[in-house]
Amino acid sequence: MSNQRNYRPSQLNSSSVITPPGADAPETSVEATQEPSTTPQAPQKQSRTEKSAQWPTTAKKAKPKRERRVYYMDPDEHARAEAAYAFTAGHTRLRSWTAFVEAAIQEKTRSLEAKYNDARPFTELED
């Protein structure tokens, strides 16, 4: 048994970068060369844009779980908070800076609600 492989010749050897393969071949209609088929054809797959066009556009977008917030803070207090997060992350199970900030805000909010609003959430502000 031989270890040599039989390679078939490339079909691209006579084409150039500019001319696609088979461009010099005479054009023939596919319909003219094929016999009529009696078996039903499978439906063509639709693209994502065609599929999305079928859905109604009145659906509401889901509210994001979290929104990005930007705030200003004293640099010394921020450094102190980052140090507290870094040194206590293993004990508090707060795995990210976002979780740390969220927990701090929740704690302060619950404290203010307990002190000033009989432990009930404050109503949302109107625009």
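Please tell me if residue 120 is charged (D, E, K, R), at pLDDT 90 or above and surrounded by 10 or more Cβ atoms within 10 Å (Cβ to Cβ). Against the criterion (charged (D, E, K, R), at pLDDT 90 or above and surrounded by 10 or more Cβ atoms within 10 Å (Cβ to Cβ)), residue 120 does not qualify. Determine whether residue 100 is surrounded by fewer than 11 Cβ atoms within 10 Å (Cβ to Cβ) and hydrophobic (A, V, I, L, M, F, W, C). Taking the combined requirement at face value, the residue does not satisfy it.
Which one is nearest to the chain's Cα centre (by Cα) among residues in region 96-127 that are among the β-branched types (Val, Ile, Thr) and in a helix (DSSP H, G or I)?
If we take residues in region 96-127 being among the β-branched types (Val, Ile, Thr) and in a helix (DSSP H, G or I), then 98 is nearest to the chain's Cα centre (by Cα).
Scanning region 90-112 for residues that are farther than 25 Å from residue 122 by Cβ and either in contact with an Asp or Glu (Cβ under 8 Å, 6 or more places away or on another chain) or touching a residue at least 12 places away in the same chain (Cβ under 8 Å) (or both) turns up just one, 97.
The values are calculated or read from the model by the stated rules, or taken from the named source; none is laboratory data. Everything numeric in this text was worked out from a predicted model, so none of it was measured. Every residue, glycine among them, receives a Cβ derived from its backbone with ideal geometry; neighbour counts consider all protein chains shown.
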